[in-house]
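So the structure is just underneath, and the comments pick up after that.
The values are calculated or read from the model by the stated rules, or taken from the named source; none is laboratory data. All values derive from a computational prediction rather than experimental measurement. FYI the Cβ positions are ideal-geometry reconstructions off the backbone, even for glycines, and counts take in every protein chain you see.
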Amino acid sequence: MVYQSENVVIVVMGNELRGDDSAGLLFGNLIRKHTSIPVISGGDAPENVTGYIVKKCPDIILLVDAMDFGGIPGEMSMVSSEKLRKDSISTHGSLRLFVDYLEKMTGARILVLGFQPKNLGLGEKISPEVAECVRKTARNFKSSDRLSQILKSLREE
């Protein structure tokens with residue numbers, strides 16, 4: 001069973017019409033039924049759900065999205081908000097501004113789970129590499145209680 005807390009939220013982001021940009025949304029669909037942690041779909045305009053996120057008063061927020069961190073297409077990386085600011089990680093839109101706003105409004109620790117995209121073309125489907133990584137990551141989070149371990153380690157920092 002995944003770690004249960006009223007103070008944790010998962011925000012999935014992306015656009016289903018832009019190929020691998022839908023990775024976060026797929027992840028949310030795969031884990032939603034297997035956790036009591038709120039999974040909030042921000043789509044391609046996550047700023048529209050900030051009010052809902054803030055009302056949850058989270059102390060930990062896990063953001064899930066496609067993210068260019070220079071990896072192999074389909075690779076997954078977990079980065080802290082601090083690392084997101086320091087490293088040259090490319091995210092679409094204004095993820096850094098979104099993270100800054102959420103930290104300011106909630107005081108929460110924020111992690112970003114990113115999937116290296118292969119194709120972000122309009123009208124494209126998610127690539128097999130990214131889809132498989134998302135499915136594997138979701139299975140890992142569900143079956144091995146990985147999310148619980150991550151959240152517990154964040155609380156202890």
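Can you name the residue in the range 105-132 that is of a type outside the set (A, V, I, L, M) and buried (at least 22 other Cβ atoms within 10 Å of the Cβ) and is also farthest from LEU63 (Cα to Cα) among such residues?
Restricting to residues being of a type outside the set (A, V, I, L, M) and buried (at least 22 other Cβ atoms within 10 Å of the Cβ), the top hit is PRO117.
When you scan the range 41-63, do you find a residue that is among the basic types (Lys, Arg), surrounded by fewer than 15 Cβ atoms within 10 Å (Cβ to Cβ) and either over 14 Å from the mean Cα position of the chain (by Cα) or in a strand (DSSP E or B) (or both), even just one?
yes
Cβ-Cβ below 6 Å, separation at least six or inter-chain, first residue in the range 38-65 and in contact (Cβ under 8 Å) with a residue 24 or more places away in the chain, second among the charged types (D, E, K, R) and in a helix (DSSP H, G or I): which pairs?
Listed by first residue and then by second, the contacts come to VAL39/ARG32.
For the range 69-78, give me each residue that is surrounded by 15 or more Cβ atoms within 10 Å (Cβ to Cβ), out of contact with any helix residue (DSSP H, G or I) (no Cβ under 6 Å at 6 or more places or on another chain) and not in a loop (DSSP other than H, G, I, E, B).
SER77
Please go through the range 16-33 and give me each residue that is without any contact (Cβ under 8 Å) to a residue 60 or more places away in the chain, over 13 Å from the mean Cα position of the chain (by Cα) and either buried (at least 22 other Cβ atoms within 10 Å of the Cβ) or not in a helix (DSSP H, G or I) (or both), ordered by number.
If the condition is that a residue be without any contact (Cβ under 8 Å) to a residue 60 or more places away in the chain, over 13 Å from the mean Cα position of the chain (by Cα) and either buried (at least 22 other Cβ atoms within 10 Å of the Cβ) or not in a helix (DSSP H, G or I) (or both), then GLU16 is the only one that fits.
Only one of these is aliphatic (A, V, I, L, M), at pLDDT 90 or above and in contact with a Leu (Cβ under 6 Å, 6 or more places away or on another chain): ILE10, ILE72. Name it.
Testing whether each residue is aliphatic (A, V, I, L, M), at pLDDT 90 or above and in contact with a Leu (Cβ under 6 Å, 6 or more places away or on another chain) leaves just ILE10.
State yes or no: is LEU102 modelled with pLDDT under 90, in contact with a strand residue (DSSP E or B) (Cβ under 7 Å, 6 or more places away or on another chain) and more than 13 Å from MET67 (Cα to Cα)?
no
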